[in-house]
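Encoded as structure tokens, the structure appears first; notes follow it.
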Amino acid sequence: MADDVAILRAGYEAFARGDVPAVLEVFHPEIEWTEPEGYPWGGTYRGHEEVVGLFRTAGEKLGADWQVVPDRFVATGDGVLVLGRHTGRNAAGAWEVPFAMVWEMRDGRAVRFTQYGDSVLMREAAG
């Protein structure tokens, strides 16, 4: 489990510096990725190509200042719970949306991801 936490920490660090190839190394090629239905990009995505498309869409809506800030990593039976916040700035000013991200890991790679967050705040952040 500690290895899974280290792997995911490295993935978040890669995401923060915009290193998408390094991020994808953390994900199984057939990862299942689920965003809250109330998010502007809500739904389930499968595989690297769809997840990269999701990153692009979210980035376009949330702007260049968007950051994913993990505050706490908690190892679970078969994965990791990450608590943190999305932050950024839009025309209305600075915004912050707390999240809980649940990662299912297998053989050192993420096979399933589910995010939980406040859909109203995220829609407001996305403008």
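At a glance:
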item	result
Glu30, sole failed condition from (1) farther than 24 Å from Ala125 by Cα; (2) open to solvent by 50 Å² or more (accessible area, probe 1.4 Å); (3) assigned to a helix (DSSP H, G or I); (4) in contact (Cβ under 8 Å) with a residue 12 or more places away in the chain	(3)
Scope region 97-112; condition more than 15 Å from the chain's Cα centre (by Cα) and open to solvent by 50 Å² or more (accessible area, probe 1.4 Å); matching residues	Arg106, Asp107
Residue check for Asp118: of a type in the set (Asp, Glu) and surrounded by 15 or more Cβ atoms within 10 Å (Cβ to Cβ)	yes
Candidate set: region 1-24, residues that are open to solvent by 60 Å² or more (accessible area, probe 1.4 Å) and within 17 Å of Val74 (Cβ to Cβ); chosen: the one modelled with the highest pLDDT	Arg9
Residues being open to solvent by less than 80 Å² (accessible area, probe 1.4 Å) and either acidic (Asp, Glu) or at pLDDT 95 or above (or both) - total across region 78-93	9
Qualifying residue in region 37-60 (condition: in contact (Cβ under 8 Å) with a residue 24 or more places away in the chain, out of contact with any Pro (no Cβ under 9 Å at 6 or more places or on another chain), more than 24 Å from Leu121 (Cα to Cα) and outside any helix (DSSP H, G or I))	no
Condition check for Val82: within 11 Å of the chain's Cα centre (by Cα) and farther than 14 Å from Ala16 by Cα	yes
Where Ala64 falls short, out of the listed (1) open to solvent by 70 Å² or more (accessible area, probe 1.4 Å); (2) touching a residue at least 12 places away in the same chain (Cβ under 8 Å); (3) among the hydrophobic types (A, V, I, L, M, F, W, C)	(2)
Cβ-Cβ under 8 Å pairs, at least 6 apart or on other chains, region 67-80 side among the acidic types (Asp, Glu), far side part of a strand (DSSP E or B) and loosely packed, with under 13 Cβ neighbours inside 10 Å	Asp78/Arg106
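Residue-wise test of (1) more than 13 Å from Asp4 (Cβ to Cβ); (2) aliphatic (A, V, I, L, M); (3) open to solvent by 60 Å² or more (accessible area, probe 1.4 Å); (4) touching a helix residue (DSSP H, G or I) at 6+ places or on another chain (Cβ under 6 Å).
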{"position": "Val26", "(1), (2), (3), (4)": "no, yes, no, yes"}
{"position": "Gly38", "(1), (2), (3), (4)": "yes, no, no, yes"}
{"position": "Val51", "(1), (2), (3), (4)": "yes, yes, no, no"}
{"position": "Arg56", "(1), (2), (3), (4)": "yes, no, yes, no"}
{"position": "Phe73", "(1), (2), (3), (4)": "no, no, no, yes"}
{"position": "Trp95", "(1), (2), (3), (4)": "yes, no, no, yes"}
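The values are calculated or read from the model by the stated rules, or taken from the named source; none is laboratory data. These figures come from a predicted structure and were not determined experimentally. Virtual Cβ from ideal backbone geometry, glycine too; neighbours counted across all protein chains shown. Just so you know, the surface numbers come from the protein's heavy atoms only, side chains and all, with ligands and any DNA or RNA stripped out. Shrake-Rupley method; radii C 1.70, N 1.55, O 1.52, S 1.80 Å.
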